[in-house]
Amino acid sequence: MHEDMSVFKSYLRRLLQDLKDLKEALKSKEYERAEIMVDKLIEDTQKGIEDN
């Protein structure tokens, strides 16, 4: 159980950083970069769901 929590927290840290980067891209009006970032987040999430 502890290992699962560690993996999940690692995922959350990465997600948090991705979201901060996305926010910066939007603030900088880098919409194409932001769209690519969102697409990657969606793809990674979909893969995570399919792995389980």
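Rundown of residues vs (1) assigned to a helix (DSSP H, G or I); (2) aliphatic (A, V, I, L, M), yes/no style:
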| residue | (1), (2) |
| --- | --- |
| VAL7 | yes, yes |
| SER10 | yes, no |
| LYS29 | no, no |
| GLU32 | yes, no |
| GLU35 | yes, no |
| GLU43 | yes, no |
Exercise. Among what's in the range 3-47 and is at pLDDT below 95 and among the hydroxyl-bearing types (Ser, Thr, Tyr), pick the residue that is most open to solvent (accessible area, probe 1.4 Å).
Key: TYR11
Quiz item: GLU50: surrounded by fewer than 10 Cβ atoms within 10 Å (Cβ to Cβ) and assigned to a helix (DSSP H, G or I), yes or no?
Solution: yes
Quiz prompt | Hits in the range 2-19 - residues which are of a type in the set (Ser, Thr, Tyr) and more than 9 Å from the chain's Cα centre (by Cα) | solution = SER6, SER10
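The values are calculated or read from the model by the stated rules, or taken from the named source; none is laboratory data. Everything numeric here is computed off the predicted structure, so don't read it as measured data. Please note: Cβ atoms are built from the backbone with ideal geometry, for glycine as well, and neighbour counts cover all protein chains shown. Just the protein is used for accessible areas: all its heavy atoms, side chains included, with ligands, DNA and RNA removed. Shrake-Rupley method; radii C 1.70, N 1.55, O 1.52, S 1.80 Å.
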